[in-house]
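Colleague: Below are the structure tokens for one structure; questions will follow.
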Amino acid sequence: MAIANDESKSCAERLKAIADTTRLSVLQILMAGPKHVGEINAVLGLEQSLLSHHLKILRQAGLVEATRDGKAVLYHFVPTTRQHDGSRAIDLGCCLLSFE
């Protein structure tokens, strides 16, 4: 069965967004649950502007969402992007991304 053109484009955009080691690391951190920007940065140790750039790309790709939590911002997977069967894999809708 062929994937519709729109679905292929969406899949390619998601894969392009995660084709970066920093963004993959952010996804791995979020696998443990929602995190504030400061918590993510405590692990990665990036310039704030660089981390914001990577988070923006993940948001635009529809992989993560940001919600206000007082003065802080909390990041989490969007409902359609979730861990697969409690494993270290993320269901991207078009494929599974497994962290071995």
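Colleague: Near Lys35, which lysines are there with a Cα under 16 Å away, not counting those fewer than 8 places off in the same chain?
Modeller: List returned: Lys56, Lys71.
Colleague: Take the Cβ-Cβ distance between Lys9 and Ala66 as r, set R0 to 22 Å, and report the resulting FRET efficiency rounded to the nearest 0.05.
Modeller: On the way: r = 24 Å, r/R0 = 1.07.
With a Förster radius of 22 Å, E is 0.40.
Colleague: Rounded to a whole number of µm²/s, how large is the Stokes-Einstein D of the chain at 4 °C and 1.567 mPa s, given Rh as the Kirkwood radius over C-alpha pairs? Don't skip to the end; give the middle numbers.
Modeller: Numbers: Rh = 14.0 Å.
Estimated diffusion coefficient is 92 µm²/s.
Colleague: Over the chain, what is the relative contact order in percent, taking alpha-carbon pairs closer than 8 angstrom and at least six residues apart?
Modeller: Relative contact order here is 25 percent.
Colleague: On full extension of the chain, what length is gained from Gln28 through Lys16, given 0.36 nm per residue of separation minus the C-alpha to C-alpha distance? Show your work: numbers first, answer last.
Modeller: Values: separation 12, 0.36 × 12 = 4.32 nm, distance 1.65 nm.
Contour length minus the Cα-Cα distance gives 2.7 nm.
Laboratory data are not the source of any read-out in this text; all were calculated from the coordinates shown. Computed from a prediction, not measured in an experiment: that's the story for all the values here. Every residue, glycine among them, receives a Cβ derived from its backbone with ideal geometry; neighbour counts consider all protein chains shown.
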